[in-house]
Amino acid sequence: MGHGLLLMDVQRNMLEGETAVPDASRLRGVLKGLLDAAREAGAAVVHVKNDGGPGDPDEPGTPGWELAFARRSGEFVVRKDVPNAFQSNPALADVLHAMGVDTLVVAGMQSELCVQATAVGARERGFAVLVPAGAHGTFDGEEPAAAIAERVDLELAAAGIEVPEVGEVRFGG
């Protein structure tokens, strides 16, 4: 069983400064831990960058658009302009399957948008999907960010997506 890690929108605008999600410092540590574990296990790593519009904190080419963690040789960077990374990158599933990836760990931002949409999109494309609880974040909205993330965990689990604790995630098989 081949594992891969999709880091969704783990860009500077989401984890640094005035535009950061609540609890960004904790989330940065969790995401870095997943990235380190994936790299150590030799798992496929895909950094997904959101392309915001003109004036947005993640407008392409701006400092906020840059990845929070540097890409290493052999890791992919894909861009998207809709929540589901597979919709923006139709060949992504085929590339991952060709690499032997059948299980994807999806983590990053934003819980109720890109993380949820991409996790569902991955499942629809034949992957086993894990979205670790506490490994995704969002902004406060009609409810606090933490409540939104918890609700997304429940919705993902109801959709057949595994929602383990971060410490239970293992890359490799």
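The values are calculated or read from the model by the stated rules, or taken from the named source; none is laboratory data. Since the structure is predicted, the reported quantities are computational estimates derived from the model, not experimental observations. Counting neighbours? That spans all protein chains shown, and the Cβs are built from the backbone with ideal geometry, glycine included.
Computed quantities for the displayed model
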read-out: Candidates 96, 113 - the one that is in a helix (DSSP H, G or I), among the hydrophobic types (A, V, I, L, M, F, W, C) and over 23 Å from residue 152 (Cα atoms); value: 96
read-out: Test: residue in the stretch 34-50 that is over 17 Å from the mean Cα position of the chain (by Cα) and of a type in the set (A, V, I, L, M); value: yes
read-out: Count of the stretch 91-124 residues which are within 22 Å of residue 58 (Cβ to Cβ), out of contact with any Lys or Arg (no Cβ under 8 Å at 6 or more places or on another chain) and of a type outside the set (A, V, I, L, M, F, W, C); value: 6
read-out: Within the stretch 98-121, tally of residues that are modelled with pLDDT of 95 or more and under 20 Å from residue 42 (Cβ atoms); value: 7
read-out: Residue that is nearest to residue 24 (Cα to Cα), among those in the stretch 122-132 that are buried (at least 21 other Cβ atoms within 10 Å of the Cβ) and either in contact with a helix residue (DSSP H, G or I) (Cβ under 7 Å, 6 or more places away or on another chain) or at pLDDT below 95 (or both); value: 132
read-out: Single unsatisfied condition, residue 123 versus (1) of a type outside the set (Asp, Glu); (2) out of contact with any strand residue (DSSP E or B) (no Cβ under 9 Å at 6 or more places or on another chain); (3) in a helix (DSSP H, G or I); value: (2)
read-out: Qualifying residues in the stretch 133-149 (those that are assigned to a helix (DSSP H, G or I), without any contact (Cβ under 8 Å) to a residue 40 or more places away in the chain and in contact with a helix residue (DSSP H, G or I) (Cβ under 9 Å, 6 or more places away or on another chain)) - the one surrounded by the fewest Cβ atoms within 10 Å (Cβ to Cβ); value: 148
read-out: Residue 32 within 14 Å of residue 136 (Cα to Cα) and not small (Gly, Ala, Ser); value: yes
read-out: Single residue of the stretch 83-104 satisfying the filter (aliphatic (A, V, I, L, M) and touching a residue at least 24 places away in the same chain (Cβ under 8 Å)) that is nearest to residue 37 (Cα to Cα); value: 104
read-out: Residue check, residue 118 among the polar types (S, T, N, Q), farther than 19 Å from residue 11 by Cβ and either in a helix (DSSP H, G or I) or within 15 Å of the chain's Cα centre (by Cα) (or both); value: no
read-out: Residues that are within 17 Å of the chain's Cα centre (by Cα) and not acidic (Asp, Glu), drawn from the stretch 51-71; value: 52, 64, 65, 67, 68, 69, 70, 71
read-out: Test for residue 157: is it assigned to a helix (DSSP H, G or I), modelled with pLDDT of 95 or more and touching an Asp or Glu at 6+ places or on another chain (Cβ under 9 Å); value: no
